[in-house]
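Notes follow once the structure below has been shown.
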Amino acid sequence: MHPLYYALPLLAIVHCLGDESALVSEQSWSRHIIDDSSKGADGVKLGDLNNDGLPDIVTGWEEGFSTRIYLHPGKTNVTQKWPSANIGVTPSAEDAVFVDLNGDDYLDVVVSCEGKDQAMYLIFAPENGEVLDSKQWTQTLLPGSKNMTKWMFAEPAELSFDSETVRLIFAASKNPNGTIGYWELPDNPEKHKGNWRWRALSETGWVMSIFVEDMDGDDDLDLFYVDRKGDFRGAYWIENPGTLNAPWPKHLIGGADIEQLFGKIADLDQDGLKDVLLVAKDRQVVWWRRLDATGQSWEKRVLEYPENTGRAKAVAVGDLDLDGLPDLVITCEGANPPHQGVFWIKQSTDRDFENWQSFGMSGPGGIKFDRIELLDLDLDGDLDVLTCEEHHINVERNEKTGLGVFWYENPIQ
């Protein structure tokens with residue numbers, strides 16, 4: 001029997017046995033708020049700001065016009081609000097990611113902004129490590145990025161070209177002038193004069209996910225991305241040519257006929273080949289199962305969302321119930337009560353993927369959730385769920401502030 005059943009009332013078990021299309025249980029996991037002080041939390045990314053071995057967080061607040069960092073407070077205080085600081089003024093921030101820009105062994109931040117403020121920003125950390133002092137962070141425009149396009153996401157990388165290591169920031173956007181490519185990181189980026197060198201790799205319509213990953217097993221890093229809308233819609237990977245100025249061939253995994261959003265790369269079936277997991281409009285999990293190491297052959301499988309959940313937004317992969325099999329966590333948008341906006345899907349060896357069972361997580365709280373990180377935040381040996389939400393209505397303030405940045409505590413163990 002599934003471990004979670006022991007915590008369920010008999011009615012929930014009967015409900016499970018009688019309806020394959022519904023959540024097995026609508027039970028909620030405990031939600032712990034990290035920060036709800038601003039509006040429109042839009043994404044969570046991880047890093048170790050103070051080198052204490054614990055995961056810290058950076059988040060752009062789209063409607064709050066700011067980027068904020070959060071220090072993991074340690075096991076004792078992890079369920080409380082985390083120590084935090086505003087580090088930048090970033091209108092329409094869509095994504096913020098950690099990267100050591102200047103090589104001083106402190107993580108800086110790159111922010112991608114869409115909306116009216118179409119720009120990318122570099123926010124440099126204090127040299128003395130006082131990361132909770134907002135005044136010691138220094139923000140500057142990434143030279144050349146302003147008004148170029150609506151920037152969506154960025155990922156740093158170090159690639160070897162012709163025996164030379166080149167530091168890059170991959171970046172992607174949505175229309176107008178949708179593009180994906182990379183900025184070459186110059187020496188002394190804080191003092192560099194003139195625009196950074198930009199190299200476009202492909203036109204895009206609306207990019208939703210990018211990952212730096214070896215997609216063809218040749219021991220160099222390629223670029224995976226998901227284009228949500230338009231003439232270039234689909235899940236792709238762009239092949240690293242191994243030399244700096246050569247073309248990067250683009251390969252379609254699939255999905256040119258559907259709208260796919262956030263995803264993850266993971267070996268779901270544990271066959272030694274990394275697969276692609278995506279969610280698709282309106283309410284589907286799409287498993288692009290890799291058939292060989294080349295990245296050229298994929299099988300599409302689809303799992304429909306259960307009833308009483310919202311529309312597709314993001315997926316993450318991890319073993320939630322510690323049975324040795326990777327499970328799925330799903331976030332939604334449009335999860336108006338009583339619909340659940342976060343739920344998990346248990347992998348099963350005696351059911352086809354299309355019939356895996358789904359369990360509640362969020363309850364009715366929250367409407368528009370975002371990307372997900374699975375990690376052991378409370379240091380108790382199981383995976384918790386870190387995400388954010390931006391459309392929940394604060395009744396006391398009578399405004400749409402969102403739930404902010406928070407995590408769900410895994411109760412299964």
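The values are calculated or read from the model by the stated rules, or taken from the named source; none is laboratory data. Owing to the predicted nature of the structure, the values given are computational and were not obtained by experimental measurement. Reconstructed Cβ throughout: ideal geometry from the backbone, glycine too, with neighbour counts over all protein chains shown. Ligands, DNA and RNA are stripped out before the accessible areas are found, and what is left, the full protein with its side chains, is counted by its heavy atoms. Shrake-Rupley method; radii C 1.70, N 1.55, O 1.52, S 1.80 Å.
Tabulated results
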| quantity | calculated |
| --- | --- |
| Residue in segment 76-88 that is more than 30 Å from residue 399 (Cβ to Cβ), under 22 Å from the mean Cα position of the chain (by Cα) and either among the aliphatic types (A, V, I, L, M) or at pLDDT below 95 (or both) present | no |
| Meets criteria (surrounded by fewer than 17 Cβ atoms within 10 Å (Cβ to Cβ), acidic (Asp, Glu) and either touching a Pro at 6+ places or on another chain (Cβ under 7 Å) or closer than 22 Å to residue 360 by Cβ (or both)) for residue 299 | no |
| Residue match in segment 251-258 (condition: closer than 20 Å to residue 311 by Cα, β-branched (Val, Ile, Thr), at pLDDT 95 or above and outside any strand (DSSP E or B)) | yes |
| Pair list, Cβ < 8 Å and 6+ apart or interchain, from segment 193-218 residues that are under 25 Å from residue 273 (Cβ atoms) and free of Cβ contacts under 8 Å to residues at least 12 places away in the same chain to residues that are outside any strand (DSSP E or B) and open to solvent by 30 Å² or more (accessible area, probe 1.4 Å) | 214/220; 214/221 |
| Residue satisfying all of: in segment 36-61; among the charged types (D, E, K, R) and within 18 Å of the chain's Cα centre (by Cα); farthest from residue 391 (Cα to Cα) among these | 48 |
| Per-region count, segment 376-413, residues open to solvent by less than 50 Å² (accessible area, probe 1.4 Å), touching a strand residue (DSSP E or B) at 6+ places or on another chain (Cβ under 7 Å) and more than 10 Å from residue 366 (Cα to Cα) | 14 |
| Qualifying residue in segment 140-157 (condition: surrounded by fewer than 21 Cβ atoms within 10 Å (Cβ to Cβ), modelled with pLDDT under 95 and not acidic (Asp, Glu)) | no |
| Spans of strands (runs of 3 or more DSSP E) in segment 144-245 with at least 1 residues of a type in the set (Lys, Arg) and under 19 Å from the mean Cα position of the chain (by Cα) | 150-161, 164-174 |
| Check on residue 64, among the small types (Gly, Ala, Ser) and either on the phi > 0 side of the Ramachandran plot or touching a Phe, Trp or Tyr at 6+ places or on another chain (Cβ under 9 Å) (or both) | no |
| Output for segment 107-133, where each listed residue is in a strand (DSSP E or B) and open to solvent by 10 Å² or more (accessible area, probe 1.4 Å) | 121 |
| Unique match (being within 27 Å of residue 343 (Cα to Cα), at pLDDT 95 or above and either open to solvent by 30 Å² or more (accessible area, probe 1.4 Å) or assigned to a strand (DSSP E or B) (or both)) among 268, 277 | 277 |
| Residues being polar (S, T, N, Q) and open to solvent by 20 Å² or more (accessible area, probe 1.4 Å) - total across segment 46-91 | 8 |
| Matching residues in segment 321-339 - criterion: being among the polar types (S, T, N, Q) and either within 20 Å of residue 287 (Cα to Cα) or open to solvent by less than 30 Å² (accessible area, probe 1.4 Å) (or both) | 331 |
